[in-house]
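None of the figures in this text is laboratory data; all of them are computed from the coordinates on show. This structure is a prediction, so every number in the text was calculated from the model and none was measured. Cβ: placed from backbone, ideal geometry, glycine included. Neighbour counts: every protein chain shown.
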Amino acid sequence: MKIEPVKTAVIGCGMISDSYFINLKEKFSIIDLVGCSDLVESKAKEKAEKYNIRMMTNEEILKDPEIEIVVNLTYASSHFEVNKQVMNAEKHLYCEKMMCDDMEQAYMLRKIKETKGVRFVPAPDTVLGGMLQSCRKAIDSGMIGEPVFTIVSLSRGYHMIKEDKEDAARKYSVMQKGGGIPYDMGGYYLHALFNMFGPVEKVCGFSKTRNQNRPYLNPRHSKFQEDFMVSTPNTVCASLSFKNGMYTSFTMSSDCFGEDYLFEIHGTEGILFCGDPNLFGDKIEIKRHNCEKMEFPLTHPYRTNSRGIGVADLAWAIRTNREQRLPFLFGYHALEVINAINDSQKDGTTKILTTDFSIPNPIGSLYYDGTSEERNLYLYDEC
């Protein structure tokens, strides 16, 4: 049976877009990438010429009856409005990072999704990559026994000192409402945990905006030494209690030197040292009993940069009439967790979360010699 590719368009042609364009054009046969748009016309023109697709306006994308999926790669501050417009146009949607700023907006998006009967997949899609699917297989196989607690820690330095204009623009965007490190990077760790352990039940924690007024540091910047306002929390430290009884220590800051992370799952029989959830094929290690730490071989495909796999899985779900592996409630729940940390800081109380979801089926781990890895997306149940 021939399955028609799903016509897809991208809104937002910034830094991350090349990874999506390349993979949507070359890696996934289920996607027919037809167009792109950006408020900066030159960006859209450059990508359209580079990838042999149509340069379009947002309105043209939303009105085109053949386009079924829209990929939203805009800055966080634009997510709510763009997401709302896409779903109101009755298009299926994939959105990079958090879907919006707060739970009131998220609730509105949820109602539009339900009313219009469209699918909404939240990023990140690294959850579907070889490393995190292999982590799940190790957990599900009992390699470390019963998980007891996890440690999540990420430190970064979002300092505006680089000369590259686009990088500086991104650094500025992640210091604005809805773009701080808990929103920018929190989803990578939270989605990985959701996919292995299900939803969070309770949250308590601390959150702050350190050095809220700060200057542009790049001497070549037109606003060098002028102050700008950091309008997002940039350091959080929280405890998460999952419905399955597992605990997580969750700490993130964008005001530190360098970049470093920790993602460990401690169980009754061992420790799983996960790779960077921002990557697809990072190394996994396991330590059991008194043995030395040993590398755990990846069991799944998609080990190289596969951004866009969530869009491809969405397309396969549409064509085969199944649920997508990245449920809308992953993104909805992740936003609730981050906002619960901020709310806990304000009043000093533990927050009870209201959203819930079922853990999606994993990607099959079989390989097919001489054929595409994409067959693993087509097969819904674990092989």
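Order 353-365, 110-122, 308-320 from most to least packed using the mean count of other Cβ atoms within 10 Å.
So the order, starting with the most tightly packed, is 308-320, 110-122, 353-365.
What is the extension gain from Asp102 to Lys346, computed as 0.36 nm multiplied by their sequence separation minus the C-alpha to C-alpha distance, in nm to one decimal?
Gain in length upon complete extension: 86.3 nm.
Among the lysines, which have Cα under 20 Å from the Cα of Lys208 when same-chain residues fewer than 8 positions away are ignored?
Counting by Cα, and skipping residues close in sequence, Lys208 has these lysines nearby: Lys171, Lys177, Lys346, Lys351.
Report which label in (1) 1.04; (2) 0.96; (3) 1.07 holds the value of Rg/Rh (Cα atoms, Kirkwood Rh) derived from the coordinates of this structure.
(2)
Please give the contour-minus-distance gain from Asn321 to Asn244: 0.36 nm per residue of separation, less the Cα-Cα distance, rounded to one decimal in nm.
24.7 nm is the gain from fully extending Asn321 to Asn244.
Please report the spacing between the Cα centers of segment 1-36 and segment 290-335 in Å, no decimals.
Segment 1-36 and segment 290-335 have Cα centres separated by 17 Å.
So what is the relative contact order of the chain, in percent, for Cα pairs below 8 Å that sit 6 or more residues apart?
Relative contact order for the chain comes out at 19 percent.
What aspartates and glutamates could a cross-link reach from Lys113, if we take a straight Cα to Cα line under 13 Å and drop same-chain neighbours fewer than 8 places away?
In chain and number order, the partners are Glu90.
Mean residue ellipticity at 222 nm from the helices of the chain, using -39,500 (n - 2.57) per DSSP H segment of n ≥ 4 over the full residue count, to the nearest 500 deg cm²/dmol?
Per the formula, -9500 deg cm²/dmol.
Check cross-link reach from Lys283 to the lysines: straight Cα distance under 23 Å, and skip same-chain residues fewer than eight apart.
Leaving aside lysines fewer than 8 places away in the same chain, those within reach of Lys283 are Lys27, Lys137, Lys293.
If r is the Cβ-Cβ distance from Ser365 to Ile151 and R0 is 35 Å, what FRET efficiency results, to the nearest 0.05?
Efficiency computed from Cβ-Cβ geometry: 0.85.
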